[in-house]
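All remarks here apply to the structure that follows.
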Amino acid sequence: MINNGKLIFLGTGSSDGIPRVSCLTDPNSNCKVCNDAQNPDSKNRRRNTSVAIKSFDKNGQSRNIIIDAGKTFWESAIKFFPKNEIREISDLIITHAHADAIGGIDYLRDWTNFVQNTVKINLRDQDLESIKKVYFYLFENGKVKTKGPIPKIQFNIIDEKSFKIGDLNITPIPVFHGNQYISFGYKFGKIAYISDVSEIPKSSENMLEDLDILIIDALRPEPAYFSHFTYNQALEVIRKFKPKKSFFTDIMCAVDHDETNYDLSKLLDTEGIDIQLAYDGMTIDFNY
Ligand SMILES: [Zn+2]
Ligand SMILES: [Zn+2]
């Protein structure tokens, strides 16, 4: 029997979030994407890049796994958790320790106060060290605190090796995210999720073979940016590894959802490449 999964995009935007406050408050700005994104249901409204995975194992057990809880985690959760029946969080997985990936961890206190005893966070040792600095009040003498008005967290250190959550096998995909800083993408089933990337090292390329779905960082068409892919850089990867379907995420306000999707759809006719922009709330069913 095949296991089933459902992926829900909780956020598809760059760190500032869309609409950007600076666009809305600029008297000379005519940013139509940010104007449109003021509508809470607009596909241009983009929270920090994050996904939820609902996994349903062979024995019938279901789990809610979240990749990254950034600065807009609360806004994503109130909008998308009730309608996707996400209450307990089985595991949080961290890609790297920038604020748009870990800035929402304090909200987990609502879970550990009212839903479950602890939340398990899977992350690299270096990201735990960053969290110790940012969320110093979660620790005492270097150890995790288990009492007090704080989220009760269990940290599980991961490295480049695969790990399992229920029946779901998850393999880290180390990628560069600006200069020599490494962020983790993750592969599960035949899906690869790479939210923050400026270069894919040769040693990670084998993880991109034979994919059904590639979800990849594509900040904007141009100009180049030091820590994120542009469209052409993301396209280069798609042309090379030929996933059956690709979704762009971590998108800036230079990109209008409908117009850009229309442009991307032409690649299906010209090159047989299937790419869409992901949007907050979009869901994908998959098997694993
Ligand atoms: Zn804007
Ligand atoms: Zn980052």
PRE zone check, label point 7 Å out along Cα-to-Cβ of Lys58, amide N under 14 Å, scope region 274-288, hits 288
Which value, in debye to the nearest 20, describes the size of the charge dipole of the chain about its Cα centre when Lys and Arg Cβ atoms bear +1, Asp and Glu Cβ atoms bear -1, and nothing else is charged?
920 debye
Listed residue (Ile66, Met207, Ser246) projecting farthest to the positive dipole end of the chain, Cβ model:
Ile66
Ordering of 99-109, 36-46 by packing [mean C-beta count within 10 Å, highest first]
99-109, 36-46
Gyration tensor verdict on region 93-181 (Cα atoms; rounded if a/c is under 1.5, prolate if a/b is larger than b/c, oblate otherwise)
oblate
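Which of rounded, prolate or oblate describes region 65-106 when judged by the alpha-carbon gyration tensor and an a/c cut-off of 1.5?
In terms of gyration-tensor shape, oblate.
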Solitary cysteines of the chain, where the nearest other Cys Cβ is not under 4.7 Å
Cys253
Phi-derived 3J(HN,Hα) across region 5-11 with the Karplus relation (6.51, -1.76, 1.60, θ = phi - 60°), rounded Hz, x for Gly and Pro, is x, 9, 10, 10, 6, 8, x
Which order, highest average first, do 201-208, 229-236 follow once you tally other Cβ atoms within 10 Å for each residue and take the mean per peptide?
229-236, 201-208
Through the Karplus equation 6.51 cos²θ - 1.76 cosθ + 1.60, θ set to phi - 60°, convert the phi angles of region 90-98 into ³J(HN,Hα) values in whole Hz; use x for Gly and Pro.
6, 8, 10, 10, 9, 7, 5, 9, 6
Rounded to 0.05, the calculated FRET efficiency for the beta carbons of Leu268 and Phe226 at R₀ = 35 Å is 0.70
Taking the alpha-carbon centre of each part, the distance from region 1-21 to region 27-47 in Å is 18 Å
Of Phe286, Phe155, Ala52, which is farthest on the positive side of the dipole of the chain, counting Cα position, with +1 on Lys and Arg Cβ, -1 on Asp and Glu Cβ, and the Cα centre as origin?
Phe155
Expected unfolding gain across Asn156-Gln116 under the 0.36 nm per residue rule, minus the alpha-carbon gap, is 12.7 nm
Rank Ala77, Asn117, Asn4 by how far each Cα sits towards the positive end of the charge dipole of the chain (+1 on Lys, Arg Cβ; -1 on Asp, Glu Cβ) and give me just the farthest.
Asn117
Using amide H atoms built in the peptide plane, which far-off residues or other-chain residues are under 5 Å from Asn156 H to H?
Ile121, Asn122, Leu123
For the chain, what is one quarter of the convex hull surface built on the Cα atoms, given in nm²?
15.9 nm²
Hz values of 3J(HN,Hα) by residue in region 23-29 - Karplus curve (6.51, -1.76, 1.60), Gly and Pro given as x
6, 6, 9, 7, x, 9, 7
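All of the numbers you see were taken from the coordinates with simple rules; none came from a lab. In this text, all values refer to a predicted model and were calculated from it rather than measured experimentally. Note that each Cβ is placed from the backbone with ideal geometry, even for glycine, and that neighbours are counted across all protein chains shown.
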